Amino acid sequence: MRLVRKVATTDAASKFKSMQANARVIKNYRHKFLDTLTASIKAKFDNHLAENEMDMLGFIEGLGFIYKDIIRIKDDVEPLFPADYEIFAQLIKTYHRLLNESLRKIVELAPEAKVLLELHAWIKEYRPSMRELEVPNAWLQPPLLDGKSQELIEDYVKLIVTKLDEWTVNLMKEETGKFTWRTKEPEQSEDGQFGMEGVVDFFHIVNQQCDLALDSNQGAVLGRVVTECSKVMRRSQQQWLQVVADESRAQVEKKPEEVPGGLVEYVIALANDQLKSADYAEALSARLEPLVSDKYKAVISQGLNEAIDGYLDVAKQCTSSLVAFVFNDVKIATGRLLTAPWYTEALMPQIIETMRDYMSDYQAHLNPSIFEILVEDLLDAFLIAYLTALRKAPTRSLRMPTAIDLIKSDIELAFEFFATHKPPQELQLNFEVLNMVVSMLSASSSMVFMDYWTFAKIHGPNLPFVEAIIKARDDFDRPQVNEIMETLKRKVKEEGIGEPAEPTIMVRPIRSCSDFTDNVGQDPSIFRWVVGKSYQLCWNICPRPDKQYRELQTLEIG
């Protein structure tokens, strides 16, 4: 019995072990099949990315295979599987996940700007397209790029700014180098106008970026790009303002052999380029504004209008520099006006001939619109110079009536010259102030007030100026001058004569650099002031920011 039990136990154990050895192993065919499908889909994405590694736009365009595959799965694959497999949902989720991984790889490659825009546009259409294929949003989780596809636009704008800055820096380095070294004459058009090549290249780049932004079909994108382009324009304008100021100052302050020649030609070229740039910016605004809503139309208009104003500011400084070159050449002659040499030397003919020579060259190479502004600037500068000479005339230095005859002769010569560039009827208004001053100088002591009254109603009291020219007459002694001035001061007070509503050439809103900085800010590099109805630009630089500034010499009239 013991033997039988032992044998039976042994056989049972063997039989159990045999059963264990021969048991059916679970094969996991379902999971393996799904893994194989996933690997196949992943290989398809990897191959598509590898084939378009050097053509990201081609990669995005080729992603249409996803929609074709989904249609095929819905029509031909899903019917072959049991319902509990949920094969359609499984494969959609797999396609979505692998698509998201592929898009992340593309973004990590820091593609060019156009790729970012195309990618943003594709992602924007992805969910609507999947909705048409009856794919629930719940299967498309997480959102592509974690729902941060709008950051592609930010990346695009940053890339545009970076590229624009790089292009502009290189372009400005080349253009300012030509302007500074002046090794050869600037380019000349068929009509004789000077210019440089950089303007066309710059606006070609700007238009390219704006056209690229238009492809996004988003007004916000175009608005951002235009805003950034206008900022780049403003930075280049500020750079030009500084370059012109530095080179103009060197031209005036240094010896001729210490500076390269040709500055006049390059300033003319720059002025022409700035006007051309303003025209290009205006054309760009006119092209883009109708393509967007009112909201973004205002953004585009504001950005480009500021840029246009900036270009005109640079052109204005160029004309101011051109005027400064003229008066630098005649500074000795203008400094001797209404002094002892003035009675014996032909100072005014010398001044007029110098202005004539310069203006002949300017007219030959300047844009006509800029030349008109230059004429006004030169005219204002001449009147300021002559009025300043009158203001500085030493006490009892004007030999009456000889001085009156010489002043009238000077005015006649100047009028004849400027009449070659401006209609005489309009010119009369400019010279009216000199004629009024001559009337005051010619009047008897008892009649000075009558001529002064006419002058003061237009130009304001200007009592320091009037006192200076009255003192300069040699036919009035000190008591007479004191009596005249007391009368004028009393009448001004009684009649309440104040400053004119509109500035005139005799009204100085800014009397010195310190006046400017007290009201506007510290250490400005460029000062402006109103002269007549035009803006004159002074490129005197503050020597130090402690409010001990140089007086603006051209503002010493009143």
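The values are calculated or read from the model by the stated rules, or taken from the named source; none is laboratory data. Quantities reported herein were computed from a predicted structural model and do not represent experimental measurements. So basically every Cβ, Gly included, is an ideal-geometry build from the backbone, and we count neighbours across all protein chains shown. These area figures cover heavy atoms from the full protein model, side chains too; ligands, DNA and RNA do not enter into them. Shrake-Rupley method; radii C 1.70, N 1.55, O 1.52, S 1.80 Å.
Restricted to segment 490-508, and to residues that are in a helix (DSSP H, G or I) and farther than 15 Å from Phe465 by Cβ, which residue is most open to solvent (accessible area, probe 1.4 Å)?
The qualifying residue most open to solvent (accessible area, probe 1.4 Å) is Lys493.
Count, please, the residues in segment 177-214 that happen to be farther than 19 Å from Leu366 by Cα, open to solvent by 20 Å² or more (accessible area, probe 1.4 Å) and β-branched (Val, Ile, Thr).
Within segment 177-214, residues that are farther than 19 Å from Leu366 by Cα, open to solvent by 20 Å² or more (accessible area, probe 1.4 Å) and β-branched (Val, Ile, Thr) number 3.
Check every one of the helices (runs of 4 or more DSSP H) wholly within segment 376-479 and list those with 2 or more residues that are under 20 Å from Arg336 (Cβ atoms).
Working: elements: 402-418, 424-442, 448-459, 463-472.
The qualifying helices (runs of 4 or more DSSP H) are 402-418, 424-442, 463-472.
From the list Ala315, Ala307, Ala324, which residue is in contact with a Leu (Cβ under 6 Å, 6 or more places away or on another chain), of a type in the set (A, V, I, L, M, F, W, C), closer than 26 Å to Phe371 by Cβ and surrounded by 16 or more Cβ atoms within 10 Å (Cβ to Cβ)? So that I can check it myself, show each step before the final result.
Values: Ala307 fails: in contact with a Leu (Cβ under 6 Å, 6 or more places away or on another chain); Ala324 fails: in contact with a Leu (Cβ under 6 Å, 6 or more places away or on another chain).
Just one listed residue meets the conditions, Ala315.
Of Tyr311, Tyr280, which residue is touching a residue at least 60 places away in the same chain (Cβ under 8 Å), in contact with a Ser or Thr (Cβ under 6 Å, 6 or more places away or on another chain) and closer than 30 Å to Gly219 by Cβ?
Result: Tyr311 is the single residue among Tyr311, Tyr280 that is touching a residue at least 60 places away in the same chain (Cβ under 8 Å), in contact with a Ser or Thr (Cβ under 6 Å, 6 or more places away or on another chain) and closer than 30 Å to Gly219 by Cβ.
Tally the residues that are crowded, with 19+ Cβ neighbours inside 10 Å and either in a helix (DSSP H, G or I) or in contact with a Lys or Arg (Cβ under 9 Å, 6 or more places away or on another chain) (or both), restricting the search to segment 360-373.
6
Look through segment 47-83, keep the residues that are out of contact with any helix residue (DSSP H, G or I) (no Cβ under 6 Å at 6 or more places or on another chain) and not in a helix (DSSP H, G or I), and return whichever of them is farthest from Ile106 (Cα to Cα).
Pro82
Output the residue which, of all residues in segment 327-359 that are farther than 26 Å from Arg391 by Cα and under 31 Å from the mean Cα position of the chain (by Cα), is least open to solvent (accessible area, probe 1.4 Å).
Looking at residues that are farther than 26 Å from Arg391 by Cα and under 31 Å from the mean Cα position of the chain (by Cα), I get Met359.
Out of (1) over 22 Å from Leu383 (Cα atoms); (2) open to solvent by less than 60 Å² (accessible area, probe 1.4 Å), the odd one out for Glu486 is which?
Tallying (1) over 22 Å from Leu383 (Cα atoms); (2) open to solvent by less than 60 Å² (accessible area, probe 1.4 Å), Glu486 fails exactly one: (2).
Please give the number of the condition Val221 fails out of (1) open to solvent by 50 Å² or more (accessible area, probe 1.4 Å); (2) touching a residue at least 12 places away in the same chain (Cβ under 8 Å).
Of (1) open to solvent by 50 Å² or more (accessible area, probe 1.4 Å); (2) touching a residue at least 12 places away in the same chain (Cβ under 8 Å), only one is false for Val221: (1).
Restricting to segment 264-286, name every residue that is open to solvent by 40 Å² or more (accessible area, probe 1.4 Å) and under 30 Å from Lys178 (Cβ atoms).
If the condition is that a residue be open to solvent by 40 Å² or more (accessible area, probe 1.4 Å) and under 30 Å from Lys178 (Cβ atoms), then Glu265, Lys276, Asp279, Tyr280, Glu282, Ala283 are the ones that fit.
Output the residues belonging to segment 110-149 that are within 29 Å of the chain's Cα centre (by Cα) and not in a helix (DSSP H, G or I).
Correct list: Ala110, Pro111, Glu112.
May I ask you to list pairs of residues, at least six apart or on different chains, whose Cβ atoms are under 7 Å apart, with the first in segment 461-481 being more than 8 Å from Arg396 (Cα to Cα) and the second being aromatic (Phe, Trp, Tyr) and surrounded by 16 or more Cβ atoms within 10 Å (Cβ to Cβ)?
Close Cβ pairs satisfying both conditions: Val466/Tyr452; Ile470/Phe476.
When the residues of segment 317-351 are narrowed to those that are in contact with an Asp or Glu (Cβ under 8 Å, 6 or more places away or on another chain) and among the β-branched types (Val, Ile, Thr), which ends up farthest from Ile404 (Cα to Cα)?
In this case the residue turns out to be Thr319.
Read through the list (1) open to solvent by less than 90 Å² (accessible area, probe 1.4 Å); (2) closer than 30 Å to Val107 by Cβ, then give the number of the only condition that Glu132 fails.
Against the list (1) open to solvent by less than 90 Å² (accessible area, probe 1.4 Å); (2) closer than 30 Å to Val107 by Cβ, Glu132 comes up short only on (1).
Would you mind stating whether Pro82 is open to solvent by 50 Å² or more (accessible area, probe 1.4 Å) and not charged (D, E, K, R)?
So Pro82 fits the description; yes.
Do we find a residue being under 28 Å from Glu151 (Cα atoms) and either basic (Lys, Arg) or open to solvent by 20 Å² or more (accessible area, probe 1.4 Å) (or both) anywhere in segment 242-263? Lay out the reasoning, then the answer.
Start the filter on segment 242-263 by keeping residues that are under 28 Å from Glu151 (Cα atoms), which leaves none.
The answer is no, given that none of the residues of segment 242-263 is under 28 Å from Glu151 (Cα atoms) and either basic (Lys, Arg) or open to solvent by 20 Å² or more (accessible area, probe 1.4 Å) (or both).
Got a sec? Which of Arg399, Arg391 is of a type in the set (Lys, Arg), more than 30 Å from Ser321 (Cα to Cα) and either touching a residue at least 60 places away in the same chain (Cβ under 8 Å) or loosely packed, with under 14 Cβ neighbours inside 10 Å (or both)?
After applying the criteria, what remains is Arg399.
Condition check: over 40 Å from the mean Cα position of the chain (by Cα), outside any helix (DSSP H, G or I) and either at pLDDT below 50 or over 26 Å from Val375 (Cβ atoms) (or both). Does Asp546 satisfy that? Before the answer, list the steps.
Numbers: over 40 Å from the mean Cα position of the chain (by Cα): no; outside any helix (DSSP H, G or I): yes; either at pLDDT below 50 or over 26 Å from Val375 (Cβ atoms) (or both): yes.
When the stated conditions are applied, Asp546 does not pass them.
Please go through segment 150-198 and pick out each residue that is among the basic types (Lys, Arg), more than 30 Å from Val115 (Cβ to Cβ) and part of a helix (DSSP H, G or I).
Lys178
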